[in-house]
Amino acid sequence: MKNILVPIGITPEVSKTLQYAIDMAEHFGSALYVVDAYPSAIPTTSIMNVKGIIKENTLNRIKDVIQQVDRKGFDIQYVAQNGDLLSAVCALDRKIHLDMIVVAPQNNDISDDVFLGKVAGSLIKQTEIPVMVAPIEGDFKSPKRLLWAFKKGQVQNPKTLRPLKLLKDKFDTIINGLLVKTPGHKPGDLELDDAIAALVPEPTITANATTYQGVLEHFQSNQPDMLAVIKREQGFFEKLWKTSIVYKHEFYCSIPLLVLKPRSRYR
């Protein structure tokens, strides 16, 4: 895992998310990046140097976040880009190729209605980069048991599963596969290709209305400390993230959530 990114956005607890990313990167020897964006549209009535002031304020905010964490010797690279945050992330990905984005949920308070806010939701929905949703109050811990829920036994590109293989190889993580038969499934969906069989040769097979319902049914029996899903076209999670906000009545996860992505290009 060469490059890990933490986007700043508007999350008030972003320093905790950055610390989580640092603790994870320490195991893989990854390079760490922090990115934020500032508005590109400046009113014509504004003072001439307002864009420079905004950029400087954005850089200062990034530096302040970095000062709040234990860097553990990491030389954290930071970028403040003109425009929106999503464009800044995509631009950085094209330049250096990002292996993981670490984001926080909206908050960990069960009484709040929102699980993922606009920043996390848009990065999951509109990028091809794997995303780790790290609990705000949680420290990174080596995952011992990971529950991986999917509804087809094939992946278009085996490299989609690279983050799972890295976790398994680095931490001896036990990966429990949950193959969820949803309405409209085809018999061939239950056949495992070589890439999936190498990770979970004998997944549990369950029938549920959605992948998420399958996760809820089998969560307690597996007792995972990390959950993984694949964001596929027309899948449950693709439909879930049609908008950039995910509400807790639609999906909620109190442990780290790894969202795997099919990428058009890999390195």
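The values are calculated or read from the model by the stated rules, or taken from the named source; none is laboratory data. Here the structure is a predicted model, which means the values were calculated and not measured. In this analysis, Cβ positions are derived from the backbone assuming ideal geometry, glycine residues included, and neighbour counts consider all displayed protein chains.
Given (1) surrounded by fewer than 20 Cβ atoms within 10 Å (Cβ to Cβ); (2) assigned to a strand (DSSP E or B); (3) not charged (D, E, K, R), identify the lone condition not met by VAL229.
It is condition (1) that VAL229 fails.
For the list (1) of a type in the set (A, V, I, L, M); (2) surrounded by fewer than 18 Cβ atoms within 10 Å (Cβ to Cβ); (3) in a loop (DSSP other than H, G, I, E, B); (4) at pLDDT 85 or above, I need the number of the one condition that MET1 fails.
(2) is the only condition that MET1 fails.
Residues in the range 79-100 that are modelled with pLDDT of 90 or more and assigned to a loop (DSSP other than H, G, I, E, B): how many?
Of the residues in that region, 3 qualify.
Confirm whether GLY117 is at pLDDT below 75 and closer than 17 Å to VAL14 by Cβ.
Criteria met by GLY117.
Mind listing whichever residues of the range 156-198 are in contact with a strand residue (DSSP E or B) (Cβ under 7 Å, 6 or more places away or on another chain) and not in a helix (DSSP H, G or I)?
Passing the criteria: THR173, ILE174, ILE175, ASN176, GLY177, LEU178, LEU179, VAL180, LYS181.
Pairs under 7 Å by beta carbon, first residue over 16 Å from MET1 (Cβ atoms) in the range 93-105, partner surrounded by fewer than 15 Cβ atoms within 10 Å (Cβ to Cβ), six or more apart or different chains?
ALA104/GLU13
Restricting to the range 120-143, and then to whatever is assigned to a loop (DSSP other than H, G, I, E, B) and hydroxyl-bearing (Ser, Thr, Tyr), can you tell me which residue is modelled with the lowest pLDDT?
Of everything passing the filter in the range 120-143, THR127 is modelled with the lowest pLDDT.
So ASP70 fits all but one of (1) exposed (fewer than 14 other Cβ atoms within 10 Å of the Cβ); (2) of a type outside the set (Gly, Ala, Ser); (3) modelled with pLDDT under 90; what number is the exception?
Here ASP70 meets the rest and fails (3).
Just to be sure before I move on: is GLY214 within 29 Å of ASP139 (Cβ to Cβ) and not charged (D, E, K, R) in the structure I sent?
In short, yes.
Does LEU178 satisfy the criteria of being without any contact (Cβ under 8 Å) to a residue 60 or more places away in the chain and either aliphatic (A, V, I, L, M) or touching a Cys at 6+ places or on another chain (Cβ under 6 Å) (or both)?
yes
Take the conditions aliphatic (A, V, I, L, M) and within 29 Å of HIS27 (Cα to Cα) and apply them to LEU178. Does it pass?
Judged against the criteria, LEU178 is a match.
Cβ contacts < 7 Å: first residue under 22 Å from HIS218 (Cα atoms), restricted to the range 145-174; second residue among the basic types (Lys, Arg), any location; separation 6+ or different chain. Result?
THR173/LYS144; ILE174/LYS144; ILE174/ARG145
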